[in-house]
Amino acid sequence: MYKKFYNSYAVIIQARLNSMRLKNKILKKIHKNLTILDFLIIRLLKVFKSNKIIFALAKNPKNFKIINILDKYEIILKWASCLRFINKKKPQLFKVGVIK
């Protein structure tokens, strides 16, 4: 329904594994063989194309576990140091042409 509207936008997701309260929480399997990260990506793919979903990861050796899941869905990966302009408190939509 909204894919036509969101064609010129991309979404950036910040993901990490070093949580204090629940370690590796985005890799926890919550239904059959799907993780929380799988569910997030599947829901985003209903609205955005895979080349419009960008994951920002810190260069931490533990975070390399996430890359296998991102490859499965052909999701773009950027290291977080390239995306310091993102406001952490308030999610925003950016025009794709602005992200460099």
* To do: Hey, could you check the range 1-39 for residues that are in a loop (DSSP other than H, G, I, E, B) and surrounded by 11 or more Cβ atoms within 10 Å (Cβ to Cβ) and say which is modelled with the lowest pLDDT?
  => LYS3
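Among the residues of the range 40-65, write down those that are closer than 17 Å to GLN14 by Cβ and modelled with pLDDT of 90 or more. Walk me through it before giving the result.
Let us first name the residues in the range 40-65 that are closer than 17 Å to GLN14 by Cβ, namely 40-41, 43-44, 48, 52-60, 62-65.
Once the filter is applied, which keeps residues that are closer than 17 Å to GLN14 by Cβ and modelled with pLDDT of 90 or more, the range 40-65 yields LEU40, ILE41, ARG43, LEU44.
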* Just for the range 40-50: of the residues that are over 11 Å from the mean Cα position of the chain (by Cα) and not hydrophobic (A, V, I, L, M, F, W, C), which one is surrounded by the most Cβ atoms within 10 Å (Cβ to Cβ)? -> LYS49
* Structure fact -> Residue pairs within 9 Å by beta carbon, gap of at least six or interchain, first lying in the range 62-87 and farther than 19 Å from ILE36 by Cβ, second at pLDDT below 75 and polar (S, T, N, Q), listed first then second, are ILE86/GLN92
* Looking only at the range 33-61, count how many residues are under 21 Å from LEU22 (Cα atoms) and free of Cβ contacts under 8 Å to residues at least 40 places away in the same chain. => 11
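The values are calculated or read from the model by the stated rules, or taken from the named source; none is laboratory data. Please read these numbers as outputs of a predicted model, since none were measured by experiment. Every residue, glycine among them, receives a Cβ derived from its backbone with ideal geometry; neighbour counts consider all protein chains shown.
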